[in-house]
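Q: Dropping the structure in here first, questions after.
The values are calculated or read from the model by the stated rules, or taken from the named source; none is laboratory data. These numbers were taken from a predicted model, which means no experiment stands behind them. Please note: Cβ atoms are built from the backbone with ideal geometry, for glycine as well, and neighbour counts cover all protein chains shown.
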Amino acid sequence: MASVATPDPGAYWDRVYATRAPDEVSWFQRDPRLSLSMIDATGAGPDEPVIDIGGGASTLVDALLAAGHRAVTVLDISDKALVAARTRLGARAERVAWIVADVTRWRPDASYAVWHDRAAFHFLTDAGDRTAYLAALRTALRPRGAAIIAAFAADGPERCSGLPVRRYSPDMLAGEIGPEFRLIETADEDHVTPAGVRQHFMFCRFRRD
């Protein structure tokens with residue numbers, strides 16, 4: 001996950017994953033079909049680099065590997081979350097690049113064709129953190145690359161895992177991302193948590209001009 005208003009954000013999310021199994025956290029998806037569909041829609045080939053921001057223990061990395069992607073990176077602030085993902089993947093984990101970092105403090109040293117984030121941006125309630133996130137996005141994403149960002153919709157929850165979040169419409173998110181990113185596609189998703197609670201997400205796919 002991304003930076004949060006705690007003295008040690010990494011420790012906060014490590015505690016979350018230490019006290020709950022990966023398939024018990026509210027954001028867990030057994031089948032990340034909308035994310036995978038939007039990544040497919042970018043036309044990125046199997047050797048074009050894809051990064052999942054705040055990927056944690058998400059099963060998207062499993063789906064990407066199964067779809068034939070060979071240049072996948074997962075970034076998360078929680079080492080425990082990434083350990084859970086690597087353990088689940090077993091030997092396949094060696095085919096993935098794993099980065100433990102706060103995206104708002106991360107300095108990318110590679111470029112990516114696809115930036116995917118279903119977990120981090122809506123936690124950035126501080127404008128300075130959002131500015132830092134977007135700086136990382138602009139550094140990491142290549143020209144004509146795709147940014148896929150999902151966030152709680154305008155009628156989604158106001159808090160997640162005990163923390164406040166920002167809710168977005170596609171127009172609001174496009175305004176945050178900036179004019180160099182053209183909004184190509186939007187979609188809604190009613191995510192049902194492992195506890196049976198329905199949460200409304202909205203997804204946006206942008207192309208960097």
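Q: Of the numbered conditions (1) free of Cβ contacts under 8 Å to residues at least 60 places away in the same chain; (2) in contact with a helix residue (DSSP H, G or I) (Cβ under 9 Å, 6 or more places away or on another chain); (3) not β-branched (Val, Ile, Thr), residue 46 satisfies every one except a single condition; which is it?
A: In the conditions (1) free of Cβ contacts under 8 Å to residues at least 60 places away in the same chain; (2) in contact with a helix residue (DSSP H, G or I) (Cβ under 9 Å, 6 or more places away or on another chain); (3) not β-branched (Val, Ile, Thr), residue 46 misses (2) alone.
Q: Right, here's the next one. Which pairs have Cβ atoms under 6 Å, sit 6 or more apart or on different chains, and link a residue in segment 114-133 that is crowded, with 24+ Cβ neighbours inside 10 Å to one that is charged (D, E, K, R) and assigned to a loop (DSSP other than H, G, I, E, B)?
A: Qualifying pairs under 6 Å: 122/166.
Q: While we're here: Against the condition at pLDDT below 95 and either among the aliphatic types (A, V, I, L, M) or in contact with a Phe, Trp or Tyr (Cβ under 7 Å, 6 or more places away or on another chain) (or both), how does residue 91 come out, does it pass? Explain how you work it out, then say what you get.
A: Numbers: at pLDDT below 95: no; either among the aliphatic types (A, V, I, L, M) or in contact with a Phe, Trp or Tyr (Cβ under 7 Å, 6 or more places away or on another chain) (or both): yes.
Here the answer is no, as residue 91 does not meet what is asked.
Q: Please verify whether residue 152 is in contact (Cβ under 8 Å) with a residue 24 or more places away in the chain and more than 23 Å from residue 77 (Cβ to Cβ), treating the condition exactly as stated. Quick ask: steps written out before the conclusion?
A: Values: in contact (Cβ under 8 Å) with a residue 24 or more places away in the chain: yes; more than 23 Å from residue 77 (Cβ to Cβ): no.
So residue 152 does not fit the description; no.
Q: Still on this structure: Over 19 Å from residue 161 (Cα atoms), free of Cβ contacts under 8 Å to residues at least 12 places away in the same chain, surrounded by fewer than 23 Cβ atoms within 10 Å (Cβ to Cβ) and of a type in the set (Ser, Thr, Tyr): is that true of residue 87 in this structure? Steps first, answer last, please.
A: On the way: over 19 Å from residue 161 (Cα atoms): yes; free of Cβ contacts under 8 Å to residues at least 12 places away in the same chain: yes; surrounded by fewer than 23 Cβ atoms within 10 Å (Cβ to Cβ): yes; of a type in the set (Ser, Thr, Tyr): yes.
Answer is yes for this residue.
Q: Another question, then. Counting only residues that are out of contact with any Leu (no Cβ under 9 Å at 6 or more places or on another chain) and within 27 Å of residue 146 (Cβ to Cβ), which one in segment 193-206 is modelled with the highest pLDDT?
A: Here is the first cut: in segment 193-206, the ones out of contact with any Leu (no Cβ under 9 Å at 6 or more places or on another chain) are 193-200.
Restricting the remaining residues to those that are within 27 Å of residue 146 (Cβ to Cβ) gives 199-200.
Values: 199: 82, 200: 92.
Per the criteria, the residue is 200.
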